[in-house]
Amino acid sequence: MSIDNKKLKSCPRITDTSVTDKGEIRIRWTEVPGTDKYAVKRSETPDGEFELVAWEKGTEYIDKSVKKDITYWYRIVALKVLKGKRNSKKMSPVAARVISSVPAAEKLKITGAGMKIKLEWVKPENVSSFLVYRRNEYFDQLMPVCKVTEGSFIDRDVVGGQIYHYSVQSLDGNRQGNFSREVSCVCLDSGEILSVKSHLFKKVDLKVRIVAGADGYIFERSTDGESFDEVGKTDSDVSVRYTDKADKAFTAYYYRVKAYKKVGEKTFISKPSKSVRVKTK
């Protein structure tokens, strides 16, 4: 039991929800320093009330009361007893697990175009429909957004610059099946070149409009207005100015800009802006 009055500083994080040889669900989570015990909570719906199923001193629990083809949503709550009969609590993000022979959707692919996101996947045999789940970068829990019968879904309810994460769960009638892997995407505005000025010694100054959610901007140049090559890149969302040194003086060039954002190891790039023309000095 705690003897100090320091509150918990970090949240537990569920690291594993695996199925044992006996058909039970094993949950593991990260340790939170100073915790007296952990509450394992469970719900059969992602937005339902989470009920207490166990208290644990360690960072592992085996749920023996689960049934097949039912999705269980787990949350871990770290608890520390403070002085004066007060408690310090920290909750984990929610993680889902189902024991089912209904196969998951395969080859899940995601693309963003304009202000919509399209998901496509291969429909396994004996799967009648799919639940599409989504969360954004500010929310840790996947929530259902649509039920579909085919292997595709278009999400038009997106905000530019915000990262969205998706997973698809297979259904066979009333049987709840396995989840696909999680995929991510972000839609970016194409941006706009607000001003372009030519200076001596072939230098060209460009200023662009800030794009919501962008990590930076890619600048491209062309001599004919059709075939563009990258000439520069900023690595900050607030770096909206760029100076290019062109190849030749007294020559007309076209410039355009693209916004980009990194999500993990993947980089998402917007469509190019309208080009602007300038003559070098």
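The eigenvalues of the Cα gyration tensor, multiplied by 5 and square-rooted, give segment 60-99 an equivalent ellipsoid with semi-axes of 30, 11, 7 Å from largest to smallest.
Magnitude of the Cβ-charge dipole of segment 31-175, K/R +1 and D/E -1, about the Cα centre, nearest 20 debye?
On the way: 25 positive and 19 negative charges, 120 e Å.
So the dipole magnitude of segment 31-175 works out to roughly 580 debye.
Pairs over the 30 Å Cα-Cα cut-off, from the set Lys202/Lys233; Lys9/Lys233; Lys233/Lys281: Lys9/Lys233. Each 10 Å bin from 0 upward holds the following percent of the Cα-Cα pairs of segment 143-278: 11, 34, 23, 15, 10, 5, 1, 0. Cut-off under 21 Å on the C-alpha distance; same-chain residues fewer than 8 positions from Lys109 excluded. Which lysines are left, in chain and number order? Candidates past the 8-residue exclusion: Lys118, Lys123, Lys147, Lys261, Lys262, Lys266, Lys271.
Label-to-label distance for Asn5 and Ser195 is 5.7 nm, based on points extended 7 Å past Cα in the beta-carbon direction.
When the charge dipole of segment 80-205 is built from unit charges on Cβ atoms (+1 for Lys and Arg, -1 for Asp and Glu) and taken about the Cα centre, the candidate among Ala113, Pro103, Met91 whose Cα reaches farthest toward its positive end is Met91.
Each Cα pair under 8 Å and six or more residues apart adds its sequence gap; the mean of these over the residue count of the chain is a relative contact order of 13 percent.
Gain on full extension, evaluated as 0.36 nm per residue between Thr111 and Asp247 minus their Cα-Cα distance, stands at 45.4 nm. Of the chymotrypsin sites (Phe, Trp or Tyr not before Pro) found in segment 1-72, no site is in coil according to DSSP while having at most 15 other Cβ atoms within 10 Å of its Cβ.
Of the residues Ser184, Gln162, Ser236, the one whose Cα sits farthest toward the positive end of the charge dipole of the chain, with +1 on the Cβ of Lys and Arg and -1 on the Cβ of Asp and Glu, is Ser236. Heavy-atom accessible area for Ser43, with the other protein chains in place and a 1.4 Å probe, reaches approximately 10 Å². Can you find, among Tyr38, Thr251, Trp55, the residue sitting farthest towards the positive end of the charge dipole of the chain, where Lys and Arg contribute +1 and Asp and Glu -1 at Cβ? Going by the charge dipole, the pick is Thr251. When Cα extents along the principal axes in Å is calculated for this entry, the matching label among (1) 55, 52, 31; (2) 78, 56, 28; (3) 47, 46, 41 is (2). Placing a pseudo-label 7 Å from each Cα along the Cα-to-Cβ vector at Lys118 and Thr45 gives an inter-label distance of 3.3 nm.
With q set to 0.19 Å⁻¹, the log10 of I(q)/I(0) for segment 45-200, from the Debye formula over equal scatterers at the Cα positions, is -1.19.
By the gyration tensor of its Cα atoms, with a ≥ b ≥ c the square roots of the eigenvalues, what is the shape of segment 26-124: rounded for a/c under 1.5, prolate for a/b over b/c, or oblate?
On the way: a/c = 2.94, a/b = 1.82, b/c = 1.61.
Verdict is prolate for segment 26-124.
Between Thr30 and Glu125, the contour length at 0.36 nm per residue exceeds the Cα-Cα span by 30.5 nm.
Overall dimensions of segment 1-62, expressed as equivalent-ellipsoid semi-axes from the Cα gyration tensor (√(5λ), whole Å, largest first), are 24, 15, 11.
The values are calculated or read from the model by the stated rules, or taken from the named source; none is laboratory data. Model, not experiment: these values are computed from the prediction. Here Cβ is always computed from backbone atoms with ideal geometry, including for glycine, and neighbour counts include all displayed protein chains. Just the protein is used for accessible areas: all its heavy atoms, side chains included, with ligands, DNA and RNA removed. Shrake-Rupley method; radii C 1.70, N 1.55, O 1.52, S 1.80 Å.
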